[in-house]
Structures are given as structure tokens and as C-alpha cells.
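Undergrad: Would you mind keeping the following structure in view while I ask a few things?
The values are calculated or read from the model by the stated rules, or taken from the named source; none is laboratory data. Remember, it's a predicted structure, so these values are computed and weren't measured experimentally. When we count neighbours, we look across all protein chains shown, and the Cβ atoms used for this are built from the backbone with ideal geometry, even at glycine. Surface areas here come from the heavy atoms of the whole protein model, side chains and all, with no ligands, DNA or RNA. Shrake-Rupley method; radii C 1.70, N 1.55, O 1.52, S 1.80 Å.
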Amino acid sequence: MNIHEYQAKELLAKFGVPVPAGIAAMSVEEAVAAAGKLPGPLYVVKAQIHAGGRGKGKFKELGPDAKGGVRLARTTDEVRAAAQDMLGNTLVTIQTGDAGKQVNRLYVTDGVDIDKEFYLALLVDRATGRVAIVASTEGGMSIEDVAHDSPEKIHTITVDTATGFQPHHGRAVAKALALTGDLAKQAASVTSKLYDAFLGTDAEQIEINPLAIAGGKLMVLDAKVSFDSNAMFRHKDLAELRDLSEEDPAEVEASNYDLAYIKLDGDIGCMVNGAGLAMATMDIIKLNGAFPANFLDVGGGASKEKVTAAFKIILDDPAVKGILVNIFGGIMKCDIIAEGIIAAAKEVNLSVPLVVRLEGTNVEEGKAILAGSGLPIVSANDLGDAAKKIVAQVKQAA
């Protein structure tokens, strides 16, 4: 689960992380009022969307010469002008794709004089089961560009959660950022507090870009925080920060049924049980010359209603030209899957090719249900057979 920058900074501040003063605004007048409450005389007006590259982004409605989604303002009139440009308009960045995202919120912060910028992030290192701290002297720019052009400037320090963040980790971060003296102590302190926030919120990522020296002090000028959605039952307060308007409507609908769904760019919809099997299904579709339209894992114990909901979500995507259902029944029974497929197909008036591969518990019952449905469902013997058949069906329909 992602949150906005202003929410991330408010959260990090509770752990003692130094952030500049800032106020969220949902309207032009609120933005102007926010500036009036800040020290000034320099303000920063930031568009709040779940995407990076806002400063270099462009608004669809304002033309190619308009400024991006992060602007400096020296008067409240300039704050008003920036807010009028941003609110309600569509910001396109390198991370949003051509569709962009509509800006519904702003963050007005106090401007600071920056002496030096750094990059600092905490991530889950799945290879070691540790927390990885990534640090670079090249802040304020895309870390992907740094990794491509100057990989030697990116340093990774891992922390074993059994022992926690230790003084030597702080010294390693300070060294990676080429800081000495009091600034080195500040770097260790800031990183320690970020580590506490990382564990305390079940975060998946805390990215600070930039971490800056301003007036002799280290300060977090931008923050991106995301959480492990599976842990949100422990953090009701954090779950309330979710902004559904920033998420794909189909993914929001899927989450209501506890379905793991991610929209992709292809035209063959997939419904599978198990993340590994879903990945294999998408791979074999590509191996046969087509592209998956989604990742969708119905889980191990889905009900008929859950399967019906999953099927409808796939079919609601206008890009879908065919559907491949690949179920290996263990806890999930093949007859339940078959009933859900038929119920959904009838409810939405199925008009695209459908190939189903069932294996496992109650597989014969499931195949009999599909065969007797009267629907144009193509059965497959195995995954390879299923992929070939759905790709051929889609090409034939085109």
C-alpha cells in the first residue's frame, strides 16, 4: 500500500525524522492559507500523486512549456497560481505512463536552502531476509540513472533484524554519504530513526530522495513510503491513509474480494490459483507469442462468489481478447472453479474465447460441469496445451 508524500512525512516525523514544515491542501484557498502559516519567504508547492518524477512531469491541460508538479513560490500569489495550475489537472510523469494522474491534493512546504543532496532508502532484502539500506551521494535525481551511469556510487548496508540497527551501521551510512563530524552523527541518527519507522510500520520501502544538508542540518525533503498490505490488519491507522483514487479501479475492486490482481498491457486475461503458477502461466503465454492482460491469483480457498468476482474483473478490461483459466486444485476444488466460471460467463454474456485447464481435487466433476454448461469453453490437458489454444483462439477471433 502506498501513501502520499505529505502523509509519509507526517508519519516519519512521529519517529523523530527531521522534515521541513508543510501543510496538505485540497483546494486553492487551502494552499494559500497553508503558505500563510509557514515561515517563508520561500515555499514549495508539490502535486500529490502516487508517482515519482513530479518535478519533471507535464500537465496535459497546460501545454509543453508549463512548469511541472513541483514549483517554488516566493509569494502567496505565486502559491495561488501554482495551485490553480495543478489542482484538477492531469500530471504525466515517467512513472504514470501517458494516461497520467489527476492531481487532487497539494503539499505546501517551507522552502530551504540546499547545500548538498543525497539518496537514502530502506528496503526488504529478500535474498538475505534482512533490511537493506541503500545510500548514495547522488541525491535529487533518479536512482535508476545513477545505477546505470555510476553504480560505484551506490552503497548497500544490510541490517539483521535479530540484532537491529547498530552504531557500525550508522558509521557505514555516513561513510557512504561521504559525511564527517557532526553531519556523520546526524546521518547515523536519521538512519536509525528511519529503521525504527521501517520496522514499526511493516514498511516495504522508505525512500528519501533527496536527503539534504540545509543550514548545517540533515533534512528529509521528499519521502516515498509503501507498506506490506498483508500487515495492514496490525495498522488500522495506516490503512486509513489509503487513497483509492490513486489506484486502478479494477485493483480496488479485486482487493474487496481479497484477490491479488495487477493490470498489465496484454490482451489475454489470466485467472490462476497460486502466485508461482500465475507467473508460470504468464511466462508461457509470452513464450507462445502473446502477452498477458493481468496477474490474478484467486488464492487457495476461493469460494464460488470469489471466482465469479475474479472472472468479472478480467472481463471488465476492454483490452482482454481471450481468457486462460489455469487451476491446480488442492484446497481449491475444481468443481467450485467451474461453477464460478459458468456463473460469471453467463452474467457478463461471455463474448471472448475461453480456455480452461483444470487439474487436482474434483477435476473430473469440474470438467463435467464445464462440458455440460452449453458455453463455448475449450478444455486443455496441460498448461502448454492451454497456452497454445488460447493464443490460437485469440488470433483466430482477430
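Undergrad: Pop out the Kirkwood hydrodynamic radius of region 289-398 from its pairwise C-alpha distances, inverse of mean 1/r, in Å to one decimal.
TA: By the Kirkwood definition, the hydrodynamic radius is 13.8 Å.
Undergrad: Mind scanning 58/312; 67/224; 56/217; 286/312 and naming the pairs with a C-alpha gap bigger than 30 Å?
TA: Working: 58/312 35 Å; 67/224 22 Å; 56/217 27 Å; 286/312 23 Å.
The answer is 58/312.
Undergrad: With helices defined as uninterrupted DSSP H runs, which ones in the chain have an alpha carbon span along their own long axis of at least 20 Å and mean Kyte-Doolittle hydropathy of at least 0.0? All intermediate terms of the calculation are to be shown ahead of the outcome.
TA: Details: long enough: 181-200 (29 Å, 0.14); 334-348 (21 Å, 1.14); 383-397 (21 Å, 0.09).
Span-like helices here: 181-200, 334-348, 383-397.
Undergrad: Given a 1.4 angstrom probe, I'd like the percentage of the accessible area of region 242-398 that is carbon and sulfur, rounded to a whole number.
TA: Values: 3760 of 7120 Å².
It is 53 percent, rounded to a whole number.
Undergrad: Averaged per residue, what accessible surface does region 37-79 expose to a 1.4 Å probe, in Å²? Mind dumping the intermediate values first?
TA: Numbers: 2330 Å² over 43 residues.
Result: 54 Å² per residue.
Undergrad: Could you give the length gained by full extension between residue 113 and residue 196, i.e. 0.36 nm per residue of separation minus their alpha carbon distance, to one decimal place? Mind showing how you got there, number by number?
TA: Numbers: separation 83, 0.36 × 83 = 29.88 nm, distance 2.79 nm.
Gain on extension, residue 113 to residue 196, equals 27.1 nm.
Undergrad: Could you compute the net charge surrounding residue 365? Neighbours are other residues with a C-beta less than 15 Å from the C-beta of residue 365; K and R count +1, D and E count -1. Please report the intermediate quantities before stating the final value.
TA: Numbers: positive: 304, 333, 367; negative: 335, 339, 359, 364.
Result for the neighbourhood of residue 365: -1.
Undergrad: Once you put a point 7 Å from the Cα of residue 26 and another 7 Å from the Cα of residue 230, both along the Cβ direction, what distance in nm separates them?
TA: 3.4
Undergrad: I've got another one for you. Name the residues whose placed amide hydrogens come within less than 5 Å of the amide hydrogen of residue 298, ignoring near sequence neighbours (fewer than 5 apart) on the same chain.
TA: 272, 273, 274
Undergrad: Give me the percent of the accessible area of region 66-191 that comes from carbon and sulfur atoms, probe 1.4 Å, all protein chains in place. Let's see the in-between values first.
TA: On the way: 3110 of 6400 Å².
Accessible surface attributable to carbon and sulfur in region 66-191 totals 49 percent.
Undergrad: Here's something else I'd like to know. Quick one: Debye curve from the alpha-carbon atoms of region 137-212 only, equal weights, vacuum; give me log10 I(q)/I(0) at q = 0.11, 0.16, 0.25, 0.26 Å⁻¹ to two decimals.
TA: So the normalised log intensities work out to -0.30, -0.64, -1.32, -1.36.
Undergrad: Another question about this same structure. What is the ratio of the Cα radius of gyration of region 20-80 to 2.2 N^0.38 Å, where N is its residue count, to two decimals? Please list the in-between numbers first.
TA: Values: Rg = 11.9 Å, N = 61, 2.2 N^0.38 = 10.5 Å.
It is 1.13.
Undergrad: For region 82-121, just say rounded, prolate or oblate: build the C-alpha gyration tensor, square-root its eigenvalues into a ≥ b ≥ c, call rounded for a/c under 1.5, and beyond that prolate if a/b exceeds b/c, oblate if not. The partial results should precede the final answer.
TA: Working: a/c = 3.12, a/b = 1.46, b/c = 2.14.
Since a/c reaches 1.5 but b/c is at least a/b, the shape of region 82-121 is classed as oblate.
Undergrad: If you don't mind, there's one more thing I want to ask. Counting heavy atoms of the protein chains only and a 1.4 Å probe, report the per residue accessible area for region 214-345 as a whole number of Å².
TA: On the way: 5700 Å² over 132 residues.
Accessible area per residue: 43 Å².
Undergrad: Sticking with this one: How long is the gain from residue 102 to residue 148 if the chain were fully straight, where each residue apart is worth 0.36 nm and the alpha carbon distance is subtracted? Working shown, then result.
TA: Working: separation 46, 0.36 × 46 = 16.56 nm, distance 3.06 nm.
Contour length minus the Cα-Cα distance gives 13.5 nm.
Undergrad: Based on the Cβ-Cβ distance from residue 37 to residue 305, what FRET efficiency comes out when R0 is 51 Å, to the nearest 0.05?
TA: Working: r = 49 Å, r/R0 = 0.97.
According to the calculation, E is roughly 0.55.
Undergrad: Oh, and also: If N is the number of residues in region 63-137, what value comes out of its Cα radius of gyration divided by 2.2 N^0.38 Å?
TA: Values: Rg = 17.4 Å, N = 75, 2.2 N^0.38 = 11.3 Å.
For region 63-137, the normalised Cα radius of gyration is 1.53.
Undergrad: Stretch residue 171-residue 248 to full length: gain in nm at 0.36 nm per residue minus the Cα-Cα span? Mind showing how you got there, number by number?
TA: On the way: separation 77, 0.36 × 77 = 27.72 nm, distance 4.16 nm.
My answer for the length gained is 23.6 nm.
Undergrad: How big is D, in µm² s⁻¹, for region 225-341 by Stokes-Einstein at 10 °C and 1.306 mPa s if Rh is the Kirkwood radius over C-alpha pairs? Could you put the intermediate results ahead of the total?
TA: On the way: Rh = 14.9 Å.
My calculation gives 106 µm²/s for D.
Undergrad: Compute the Cα gyration tensor for the chain, then decide on rounded, prolate or oblate, letting a ≥ b ≥ c be the square roots of its eigenvalues: rounded whenever a/c is under 1.5, prolate when a/b is larger than b/c in the other cases, and oblate in all that remain.
TA: Values: a/c = 2.53, a/b = 1.81, b/c = 1.39.
The shape class here is prolate.
Undergrad: Please compute, for the alpha-carbon atoms of region 1-122, the extent along each of the three principal axes and give them in descending order in Å.
TA: Principal axes ranked by extent give 39, 36, 27 Å for the Cα atoms.
Undergrad: Around residue 130, which amide H atoms from residues at least 5 apart in sequence, or from another chain, sit under 5 Å from its own amide H, with H modelled in the peptide plane?
TA: For residue 130, whose amide H was placed from the backbone, the distant partners under 5 Å are 125.
Undergrad: Compare the peptides 276-283, 350-357 by average per-residue count of other Cβ atoms within 10 angstrom and give them in order, highest first.
TA: Numbers: 276-283: 17.0, 350-357: 20.1.
Ranking, from highest mean packing down: 350-357, 276-283.
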